[in-house]
Each structure stands twice: as structure tokens, then as C-alpha cells.
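Enquirer: Pasting a structure here, questions to come.
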Amino acid sequence: MQIKAILGDNIIQRIVYYAFDRPYNSPYDSYKARMSALEYAMKKTMYEKIWDSHLVVDAAGQAPLLYVDRHLMHEVTSPQAFEGLRISGRKVRNPHSILATMDHCVPTKNRDQPIADPIARKQIETMADNCLENGLNLYDMKSPNNGVIHVVVPEHGFVHPGMVVVCGDSHTATHGAFGALAFGIGTSEVEHVMATQTLPQKKSKTMQVVVNGALSKYASAKDIALAITGKIGTAGGTGYVIEYTGEAIRELSMEGRMTLCNMAIEAGARAGLVAPDEKTYEYLQGREFAPSAQHWDQALAYWKSLPSDDGAVFDATVTLDASDIAPQVSWGTSPEQVVGVDGLVPAPESFSDEIKRKACEGALAYMGLTANTKITDIAIDLVFIGSCTNGRIEDFRIAAEVAKGTKVANGVIAIAVPGSYHVKQQAEDEGLDKIFIEAGWEWRDPGCSMCLAMNGDELTKGQRSASTSNRNFEGRQGKGGRTHLVSPAMAAAAASAGHFVDIRKL
Amino acid sequence: MEPYKKHESIAALMDRSNVDTDQIIPKQFLKKVERSGFGVHLFHDWRFNDDGSDNAEFELNKPAFKDAKILVAGDNFGCGSSREHAPWAIADYGFNAIISTSYADIFYNNCFKNGILAIKVNKDQLAKLMTEINANEGVRFVIDLENQQVITPAGNGFGFEIDPFRKGNLLSGLDDIGLTLKHEAKITEYEQQHKQDYPWLWA
């Protein structure tokens, strides 16, 4: 029992299998193989380490119960969970584990006015009431800390390596950038976590996505994320937790890693992970909810134990070369329908798989595109830079670099929506707002905005966007709206040209 | 939740893959603070014309599929956003079973929390069911969770696999939170150890 508690169930099962149960050919083979197998059995991936250390109950006939360290919240997926708690007379078990914001419904301009939409206003008010009633830390619309949940949380150092983090939001995967197991849950599960601080979970398989080499100039974490989704498909990661490894991943900033992990869900994965390293520790040190000086060394020692062991085995491995990744543009209505900016809109006949061919036909009809059109010949009406995918300071820096000295093309609307008030302030301190405004962009207040168009910022029927958000589903940015997913640099270049541009040639 | 019972009902067909939760319940309906009443908005952008009339082209508007409780759909059903409003809308509309080859993880979990049995089948089984519905729109299938069987008039039925924990919860209609709270002592014990091992999380 003692050994089991130290090593975790998983390891015991593997040792028993490799040392005793697995058949071997000869006694000598058997001795050698058993020794190396034992060594192998002791190796764990980062996911397995976090999983094992968070198991509260793992009894036969029940889903394993996983402990939750951090619970993030926004106004859209929480009200029914609070209602459930009230009806059943239950309490929030650990209010300090929760950080809440308002982001999906909030206007990004005229914030001093009441919200015009009465249903959205009620949702915002309900969030405030629920947080007050339960003593939760809420960054409301007036707070200088307000912003998109997945931008705000890292800014305050609320997520650390090795944690289990949940939120009623599929883009919770973002926080895997810190080496935390972070995943989206439904509202019933939000209620479950509030009441019990745990979740019944099925263990995922592990997938290693290795990105070797170096990115070319202006290719970014967003392009890696889109290229991976293009390669494995939106269901390619279903049932898996992805760990991103390789030289190109190590080179990414924390912001870039957040962009990458954010879109793990777009490849169907439960979560994305990047092993913590010096960049992670440096990013966290000194932030509000980071470990205090008193505990720093102890936390650091723990964090350094987290990366996957050398030789740990993943259930699947996918390899990409970063130097092959051109700036990506989505052409269809699924994030797997992407192509390099130097490519063409594909023809349905080019897909051998019948389902993919049918999906291509449907997407081209919805998108109003003709097969074999050059991506750089596609004209756009609106540009959106922002969201939990690309709403961080680094995103606005690179976009401003491209936008500097240009003018938004005639007939094009360009909107920059910082991911948080802190991002907005930082950008203004660096003078980025002036670059955008002088180029003819709108410089807004923070929120999810046009990523999912719940707050009134939306495309009208037939309008076409270059968007740094994460989903190009039909109607995502407004009924009949046509979304092309791109990186911030690509979005900024499209704004001044009026069509997509291969920024490597600028 | 009501305990899940064996039932026979019309099976509606959506021959589309990668149906995402943005389509199942578009974002303009996510502002409500209640759990009920989402059924009228299910598949809104596909189901209704711009003037609010029914879109006759949309499969679920076919008269033969009226009152269907079983939804047969293509691969990777429910991908995208985690919104539980999607299964709320599906259940409120009247479906209590979905049959597909695969589901997005979060959506799949959400179904079982809302009394929807999401059945996974192989491509061959799905193709047979689709053919049977196409040949006889309005056909009724039997869903028998207890014995893990789908039964069809043309004999395309099959047994299906399901996690025993999920099955048990559906059959009993038990509340997940209540089940977890039976482990209250273990959770508290874990928390005490957690405070010792990771004191910076509790400082």
C-alpha cells in the first residue's frame, strides 16, 4: 500500500506486466529483457505524472476521481451550475481555487454604457451575483484585471506546472503551455467541481507531437497549430492528451506556447502540454498567484520533476518539420481545412476520402470559393485580431510591426481587441495603439468579441474575415459569415492589402 | 435524472460529419441563465430560413422525422465548443439517443450528464443504419441499454460497448455529485496530503 501510494497504480501494473507476466523467449533474453523492461516501466510521460499525483480514488467499477487544483470561470457556462448548487443545497468547496471573469458577452466599446442586449446584461449580472454570494474572485467588466479568461489567468500566475485545471470552456487547453493538465468541461462538471473539487475522468491516451527545426520568418505558433490540425484532422487527437516537443516548441515564447496549446482542442485532443523550462519559471516568478519567495525553491524542484522521462513511451507520435510550415490560411469551415498561403483552394476531387470530398464541396459552397483559386487572390472585408488564441501582447507587437506605416485597404474594417486590460495597457505603453489607429484600425476594449460573436461584434451574411481566432465553423462569427483563420502577422498584412498576402515576401 | 428505459422510436438521420456544437446551438442562444428551453433553438441556423420559417431542406424538418428520439449522424459528432447547451438543446428537442462512429470528448461526457445515450458504432454498422433509414424514413429502432442492443426492423441491429460506470448512472438516473460525495473522507484526506506536499498552492 505504501509503495503504491508513492509510485501510483500505473507503475505497479506496468512493473508486474514487464517483469513477471510478459512472455520471453529464453532465460537469458528473459533476464536482459526483464531488466530493461523494468527500467522502461519506471518511465512516465508528463501527463502520467500529473494524472498519478491527482488521483483521489481509483476503485474498480468507477471512473477514477481526479483532484482539481484550479477552476476558471466565465459568465456563459456557469449560471446553470450555480443554480444546480443552490437547488441541491451544496456549497463551493474551495472558493480560493476559482478565478472568474466576464468575457464572452461583454461589449468591446462604449463600456461605460449599460449592455444594450437585456439577455446578455442579465447573464453578466447573474455572474456578479453568483460570485458575490459564493465569495469568488471575479474580475468584472470594470476591473483593471478584466479580459478573456485564458489571457487573464496566466497574467496573474494563477496556473502553475503540474496542476489540474478546468474551465467550462474548450480553450482551457491554453494552460497546458505551463505544463499543467488543463481541459474544458461542461456545465454539469462545473457544478461537480465546485461541489467536490474533483471530477470523474477517463484516462486519456498520450500523443507526442514533435516539431523539429526552426520556423521561417513570420511563421508562428498559430501556423504550427493550424498545420497540426491540417495534418491529423479535427478528430485526430480525440481520446488523447498531446505533448508538444521538439526544437521549435522549445524556441516558442510562453505566449506562443499558449497559442499552440489553445488549439489542441481544434485537433480534438483533451489537452495540450508543453514541458516547463526556464521560460516558464521566469514567466511565473513574481506574479500575484505564483509561489511566494518562501516556497519558490520547493515549487521549482517539483516543477523540474514534471517533464516526461527520457524514453517514456507515447501511444502515438506525429512529427513535423517547422521549416516546412508556411503561414497558414484556413479555406473551409473546419480548422483542419487549411493550406499554406502560397497554396490554392483545394478541389473536392483532390480528396480520396469520400467524407472529406463531401465536406470540401459543402465548405466551398458556404465560403463562396472556387476550387484552385490562389489563396492570395481571396479578398477580405474584415480583419479581427484578438481572442484567447492570439490576444496577447506578443500578437499585437508582431501585428503592429506589419501594420506600421500602412493603411487599411478601402472597404475593409480592421478591429484590434486586446485579450485583457493589461495587454491593452502594455500595448499602449509601447505605442502600439497609435500604430493601429494611424493605420485605420479600431482599438477596442478586451473581450472574446468576434471569436464567437456573442457580444454583437459579428460578420454579416457573406462578409469574409481574416481572423486570428480559433474556429471557422459555419456561422461562428455571425450567420452566413465566412472566416479564414490566420496568424496576427497574416491578419495585419491582409488588412492593408485587402486580400491575403505571403508575408514572407514583404 | 430519470432512469433510462428501453424504448422504441423514430430514428432521424443527419448524414453529415463533424457536426459542431456551434451548429447544434448557435452562440446567440447561450446568453440564458437557465438550463431549459433550448430545444426550440436546436440547429437554428440550419433549421430555419432568414424569415424564421422552417427550412424544408433541413433533414430534421422532414415530417417523417417528427417525434424522433434517436439521432443517427456522421463521424466526430459534437466537435468544437464545450457548451453543455448543445446536449441540453438535443434533449429538450426530444432526442435521448445518438448513434455515430465517434464523438468529441467533451460533448460525449456532456451527453451522459443529461440522459442522452451516445452510442458508438463502426463505419459498417453506421452505413447499414443510414441505408435502412433512407429506404424507410420514419423507421423505428429499439434502444435497449440494459442489454446494450440496438434493434432494427430490417435486422441491422447490433450490440454496443459502453463504459459500465456511464451505463449504471444512466440506468439508475443517479446524480454524479452525490456519488462522488460518498468519497468525501478520501477527498479530505487527499487535500490534507496535498497541503503538505504543495504548500505554495495553499499559501
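Enquirer: For residue B:149, which sequence-distant residues (separation of 5 or more, or a different chain) have an amide H within less than 5 Å of its own amide H, given hydrogens modelled in the peptide plane?
Expert: It is B:144, B:160, by chain and number.
Enquirer: Right, another one. Given 5 Å bins starting at zero, what is the percent of C-alpha pairs of region B:1-59 in each, up to the one with the largest pair distance?
Expert: Once binned at 5 Å, the Cα pair distances of region B:1-59 give 4, 13, 19, 21, 19, 16, 7, 1.
Enquirer: A further question follows. Report the antiparallel proportion of the DSSP beta bridges in the protein assembly as shown as a percent, rounded to a multiple of 5. Before the final figure, lay out each step's value.
Expert: Details: 21 of 75 bridges.
Around 30 percent of the beta bridges assigned by DSSP in the protein assembly as shown are antiparallel ones.
Enquirer: Further, regarding this structure: For the protein assembly as shown, what ratio Rg/Rh do Cα atoms give with a Kirkwood hydrodynamic radius?
Expert: 0.95
Enquirer: Whole angstrom only: what separates the Cα centroid of region A:304-367 from the Cα centroid of region A:421-455?
Expert: What the calculation gives is 30 Å, centre to centre.
Enquirer: Continuing with the same structure: Please compute the Kirkwood hydrodynamic radius over region A:293-380, one decimal place, Å, based on all pairs of different Cα atoms.
Expert: Result for region A:293-380 stands at 16.7 Å.
Enquirer: With only Lys, Arg, Asp and Glu charged, each at its Cβ (+1 for the first two, -1 for the last two), find how big the charge dipole of the protein assembly as shown is about the Cα centre; round to the nearest 20 debye.
Expert: 440 debye
Enquirer: Extending each Cα 7 Å along its Cβ direction at residue B:154 and residue A:128, get the distance between those two points in nm, one decimal.
Expert: 5.8 nm
Enquirer: Then there's this: Want the number for residue A:442 to residue A:372: 0.36 nm per residue separation, take away the alpha-carbon distance, what's left?
Expert: 21.9 nm
Enquirer: R0 = 30 Å: FRET efficiency of residue A:287 with residue A:434, Cβ-based, nearest 0.05? Present the calculation step by step, with values, prior to reporting the outcome.
Expert: Details: r = 28 Å, r/R0 = 0.93.
Result of the calculation: an efficiency of 0.60.
Enquirer: Moving on. Can you work out ³J(HN,Hα) from phi for every residue in region A:64-70, in order, using Karplus 6.51 cos²θ - 1.76 cosθ + 1.60 and θ = phi - 60°, giving whole Hz and x for Gly and Pro?
Expert: x, 9, 9, 6, 10, 7, 9
Enquirer: Check the straight Cα-Cα distances from residue B:32 and name the lysines below 28 Å, setting aside those fewer than 8 residues away within the same chain.
Expert: Cross-link targets: A:91, A:109, A:122, A:142, A:461, A:479, B:66, B:69, B:113.
Enquirer: List the residues, sorted by chain then number, that are 5 or more residues from residue B:118 or on another chain and whose placed amide H is less than 5 Å from its amide H.
Expert: Amide H neighbours of residue B:118, under 5 Å, 5+ apart: B:98.
Enquirer: Scan around residue A:243 for amide H atoms under 5 Å from its own, H built in the peptide plane at 1.01 Å from N, and keep only partners 5 or more places away or cross-chain.
Expert: Excluding prolines and chain starts, which carry no amide H, the hits are A:207, A:208, A:209, A:273.
Enquirer: May I pose another question? Over all directions, the average projected area of the alpha-carbon convex hull for region A:356-439 comes to how many nm²?
Expert: Approximately 7.1 nm², given one-decimal rounding.
Enquirer: Nearest 0.05, what FRET efficiency do residue A:313 and residue B:131 give at R0 = 30 Å with Cβ-Cβ as r?
Expert: It comes out at approximately 0.15.
Enquirer: Relative contact order of chain B, please, whole-number percent, based on alpha carbon pairs below 8 angstrom and at least 6 residues apart.
Expert: Dividing the mean separation by the residue count of chain B yields 25 percent.
Enquirer: If the viscosity is 1.002 mPa s and the temperature 20 °C, what Stokes-Einstein diffusion coefficient in µm²/s follows for region A:138-278 when Rh is the Kirkwood radius over Cα pairs?
Expert: Details: Rh = 15.5 Å.
Reported coefficient: 138 µm²/s.
Enquirer: How many angstrom lie between the Cα centre of region A:153-232 and the Cα centre of region A:111-139?
Expert: If we compute the Cα centre of each part, the gap is 27 Å.
Enquirer: Any chance you could get the radius of gyration and Dmax over the Cα atoms of chain B, in Å?
Expert: 19.4, 65
Enquirer: Short version: ³J(HN,Hα) in whole Hz for each residue of region A:88-94, in order, from phi by Karplus 6.51 cos²θ - 1.76 cosθ + 1.60 (θ = phi - 60°), x for Gly and Pro, what are they?
Expert: 8, x, 9, 10, 6, 5, 9
Enquirer: Still on this structure, I have one more. Specify the angular offset, from 0 to 90 degrees and rounded to the nearest 10, of the alpha carbon long axis of helix A:354-367 from the longest principal axis of the alpha carbons in chain A.
Expert: Helix A:354-367 sits at roughly 30 degrees to that axis.
Enquirer: Let me ask something additional. For region A:58-198, just the Cα set please: Rg and Dmax, both in angstrom.
Expert: 15.2, 56
Enquirer: Over the Cα atoms of region B:43-126, compute the convex hull volume and normalise it per residue, giving Å³. Numbers along the way, then the final one.
Expert: Details: hull volume 8.7 nm³, N = 84.
So the per-residue hull volume is 103 Å³.
Enquirer: Most fluctuating residue of B:92, B:105, B:22 in a GNM of chain B with Cα springs under 10 Å: which is it?
Expert: Judging by the Gaussian network model, the answer is B:105.
Enquirer: Still on this structure, I have one more. Report for region A:43-154 the percent antiparallel among DSSP-assigned beta bridges with both residues inside it, nearest 5.
Expert: Among the beta bridges of region A:43-154, antiparallel pairing accounts for roughly 25 percent.
Enquirer: Could I have the simple spin-label model distance between residue B:172 and residue B:202, label points 7 Å from Cα toward Cβ, reported in nm to one decimal?
Expert: So the label points at residue B:172 and residue B:202 sit 3.1 nm apart.
Enquirer: Can you compute the FRET efficiency between residue B:34 and residue B:188 using 1/(1 + (r/R0)^6), with r the Cβ-Cβ distance and R0 = 30 Å? Round to the nearest 0.05.
Expert: So the FRET efficiency works out to roughly 0.35.
Enquirer: Additional query: Mind checking the alpha-carbon convex hull of region B:85-153 and giving the volume per residue in Å³?
Expert: Measuring per residue, one finds 99 Å³ for the Cα hull of region B:85-153.
Enquirer: Something else now. Can you work out the Karplus-derived ³J(HN,Hα) for every residue in region A:280-294? Use 6.51 cos²θ - 1.76 cosθ + 1.60 with θ = phi - 60°, whole Hz, and x for glycine or proline.
Expert: The phi angles translate into 5, 5, 5, 4, 6, 4, x, 6, 3, 9, 6, x, 6, 3, 4 Hz.
Enquirer: Hey, what angle do you get for helix A:27-41 against the long axis of chain A, alpha-carbon based, 0 to 90 degrees rounded to 10?
Expert: That works out to roughly 50 degrees.
Enquirer: Quick check: convex hull of the Cα atoms in region A:241-289, volume per residue, rounded to a whole Å³?
Expert: 83 Å³
Enquirer: Among B:104, A:488, A:328, flag the residue with its Cα farthest along the positive direction of the charge dipole of the protein assembly as shown, charges on Cβ as +1 for Lys/Arg and -1 for Asp/Glu.
Expert: Result: B:104.
Enquirer: Could you give the nm distance between label points at residue A:321 and residue B:67, where each point is 7 Å from its Cα heading toward the beta carbon?
Expert: 6.2 nm
Read-outs: derived from the displayed coordinates by stated rules, not from any lab. Predicted, not measured: the structure shown is a model, and the values here were computed from it. Positions of Cβ are generated from backbone atoms using ideal geometry, with glycine treated the same way; all protein chains shown enter the neighbour counts.
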